[in-house]
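Q: Let me give you the structure first, and then I'll get to my questions.
Where a number appears in this text, it was derived from the coordinates with a stated rule and is not lab data. Bear in mind the structure is a predicted one, so any value in this text is a computation, not a measurement. All Cβ positions, glycine included, derive from the backbone under ideal geometry; neighbour counts span all protein chains shown.
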Amino acid sequence: MAENNPLTEEQLKELNEIVSLPPEKQKERLGPFLKSLNPEQTEFLKKQQGQGQECLFCAIANKKIETKIIYEDNNYLGFLDVNPANKGHVLVIPKEHISFSTQIDDAGKLFNIANNMAKKIFDVLKTGSNIFVANGAEAGQRLNHLVVHVIPRFENDNINLTWQGKKIDDKEMGEMQKKLRIEVEKPKVKEYNPEERKNEENKLMKMYERWNKRVPL
Ligand SMILES: [Zn+2]
């Protein structure tokens, strides 16, 4: 560390101990440790962290780490994942350090790139693919830098993206609908009378049941 390090030797020792712990233990001890620091020490540590651990995807975007690039423009980079879920697994990232897809004004551009990757996979690898984004740790995001995964899929490839559908009662579904609804100008759609609607629903349910049996995702 730098000469003008405001941390005491004891604090440094404790910090070294903390970073060598497994992540859950680290969290437990890091809180109280950070609280014990004065503002100057906190500021110093923040700076150190910023310098010492550049985000991996930023380092890739800045070409500090070499990757097999598949796509590049001024704002986005697509490259082969070094630990692919399957051969041909592509990662598309914004070059700027952005954490979540929700922080991009126009995510359409990013999705278009991923979509072109999926097209390429159809055309060249002759197979299907998943396009996958994790927003937040709860969703499985590991790095704090937005990434779109495009994963070629093959039969029996042991990638598990399946889930068991949950039963949610109608009241709760209604509440969720209210909470999540995004209002836009009312689209022009065909209005069905009750009997027509029942018929359409039945047809759809039959189709859905067949589909549900066939496709695991
Ligand atoms: Zn980054």
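Q: Angle, helix 170-180 long axis vs. longest principal axis of the chain, Cα atoms, 0 to 90°, nearest 10?
A: Value to nearest ten degrees: 60.
Q: Could you let me know the centre-to-centre spacing of the stretch 12-42 and the stretch 91-130, using Cα atoms, in angstrom?
A: Measuring centre to centre over Cα atoms gives 37 Å.
Q: Here is a follow-up. Sort 170-181, 124-135, 101-112 for me by packing, meaning the mean count of neighbouring Cβ atoms within 10 Å per residue, highest on top.
A: 124-135, 101-112, 170-181
Q: Now for a separate question. Hey, how much of the P(r) for the stretch 130-217 falls beyond 16 Å, as a percent of Cα pairs?
A: Cα-Cα pairs in the stretch 130-217 separated by more than 16 Å: 78 percent.
Q: Grab the Cα-Cα distance for residue 56 and residue 171, subtract it from 0.36 nm times how many residues apart they are, and report the gain in nm with one decimal.
A: That works out to 37.0 nm of additional length.
Q: A follow-up question, please. Please compute the modelled spin-label separation between residue 126 and residue 105, points set 7 Å along Cα→Cβ, answer in nm with one decimal.
A: Between residue 105 and residue 126, the simple spin-label model gives 4.4 nm.
Q: Taking the alpha carbon gyration tensor of the stretch 78-167, what are the square roots of 5 times its eigenvalues, largest first, to the nearest whole Å?
A: 21, 18, 12
Q: Which pairs in the list 178/198; 167/198; 68/126; 120/188; 68/120; 25/46 are over 26 Å apart, alpha-carbon to alpha-carbon?
A: Correct reply: 120/188.
Q: While we're on this one: With r defined as the distance between the Cβ atoms of residue 41 and residue 138 and R0 fixed at 30 Å, what FRET efficiency is calculated, to the nearest 0.05?
A: For residue 41 and residue 138, the calculated efficiency is 0.40.
Q: Sticking with this one: Across all directions of projection, what mean area in square nanometres is found for the Cα convex hull of the chain?
A: With the hull built on Cα positions only, its mean projection is 19.3 nm².
Q: Give the long-range amide H neighbours of residue 76: residues separated by 5 or more places, or on another chain, with amide H under 5 Å away, using H modelled in the peptide plane at 1.01 Å from N.
A: Those lying under 5 Å, H to H, from residue 76 are 95.
Q: Another question, then. Calculate, for residue 185 and residue 10, the FRET efficiency according to 1/(1 + (r/R0)^6) with r their C-beta to C-beta distance and R0 45 Å; round to the nearest 0.05.
A: Computed FRET efficiency for residue 185 and residue 10: 0.10.
Q: Taking H as built 1.01 Å from N, whose amide H comes closer than 5 Å to the amide H of residue 129, not counting residues under 5 places away?
A: Amide H neighbours of residue 129, under 5 Å, 5+ apart: 153.
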